[in-house]
Amino acid sequence: QVQLVESGGGLVQPGGSLRLSCAASGIIYSIYAMAWYRQAPGKQRELVAAITSSGSVNYSDFVKGRFTVSRDDAKNTVYLQMNSLKPEDTAVYYCFAEIVAGRRADLIDYWGQGAQVTVSS
């Protein structure tokens, strides 16, 4: 069974930085796209950043120039470096991955459990 485990959330002051990590574990054959989403209270979940297996990246406009997504395929891990954080970045951040896994080598979408990021003075 595949699991995505996130770490690195917390409380930070405006202008500060945090780095989120998300590691996939289990019987994994390959990982295609990996991404970060976020959901603030009372709002829909929205895409933050995504990275393909070839390293192409895509950012939502509200994080361009501040956040950087990267991945380490040897560790089955995706990262989100968040700089110049703003109060409006406060949300639960979820990682996402398209993974070929299991004895049948099925392609399945997986989600992490979520990491709270709070930006406040």
Connecting C-alpha atoms closer than 10 Å in a GNM of the chain, tell me which of V69, V12, V48 has the biggest fluctuation. V12
Distance between modelled label sites at A74 and Q39, nm, 7 Å Cα→Cβ extension: 3.5
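Using the Kirkwood radius over C-alpha pairs as Rh, can you work out the diffusion coefficient of the chain via Stokes-Einstein at 10 °C, viscosity 1.306 mPa s, in µm² per second?
On the way: Rh = 14.5 Å.
Taking Rh from Cα pairs, D becomes 110 µm²/s.
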Taking the chain as a Gaussian network, where each spring joins two C-alpha atoms under 10 Å apart, which residue of A74, A97, A49 fluctuates the most? A74
Whichever lysines have a C-alpha closer than 18 Å to that of K43, once near sequence neighbours (fewer than 8 apart) are set aside: K86
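On the protein heavy atoms, probe 1.4 angstrom, tell me the percent of accessible surface of the range 79-120 carried by carbon and sulfur. Working shown, then result.
Working: 970 of 2040 Å².
Of the solvent-accessible surface of the range 79-120, carbon and sulfur hold 47 percent.
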Determine ³J(HN,Hα), in whole Hz, for all residues of the range 90-104 in sequence, where each value follows from phi through the Karplus function 6.51 cos²θ - 1.76 cosθ + 1.60 and θ = phi - 60°; x replaces Gly and Pro. 4, 4, 8, 9, 10, 8, 9, 8, 9, 10, 8, 8, x, 5, 8
Using the beta-carbon distance between S120 and S30 and R0 = 35 Å, what value does 1/(1 + (r/R0)^6) give for FRET efficiency, to the nearest 0.05? 0.35
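Given R₀ = 30 Å, FRET efficiency for S53-S7 by Cβ-Cβ distance, to 0.05?
Details: r = 22 Å, r/R0 = 0.75.
Calculated value: 0.85.
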Build a GNM of the chain with springs between Cα atoms under 10 Å: which of L20, L107, L47 gets the top mean-square fluctuation? L107
Computed about the Cα centre, the charge dipole of the chain from +1 Lys/Arg and -1 Asp/Glu charges at the Cβ has a magnitude in debye, to the nearest 20, of 100
Please go through the range 1-107 and write out the trypsin sites (Lys or Arg not before Pro) that DSSP classes as loop and that have at most 12 other C-beta atoms within 10 Å. K43, K64, K75, R103, R104
Contact order normalised by length for the chain, with contacts defined as Cα pairs under 8 Å and 6 or more residues apart; what percent is it? 37
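Can you check what the net charge comes to around T52, using other residues whose Cβ is under 10 Å from the Cβ of T52 (Lys, Arg +1; Asp, Glu -1)? Walk me through the intermediate numbers first.
On the way: positive: R71; negative: E98.
Taking every other residue near T52 into account, the sum is 0.
The values are calculated or read from the model by the stated rules, or taken from the named source; none is laboratory data. Source: prediction; values computed, not measured. Here the Cβ is made from the backbone with ideal geometry for all residues, glycine too, and neighbour counts use every protein chain on show. We work out accessible area using only protein heavy atoms, side chains counted, and drop any ligands, DNA or RNA first. Shrake-Rupley method; radii C 1.70, N 1.55, O 1.52, S 1.80 Å.
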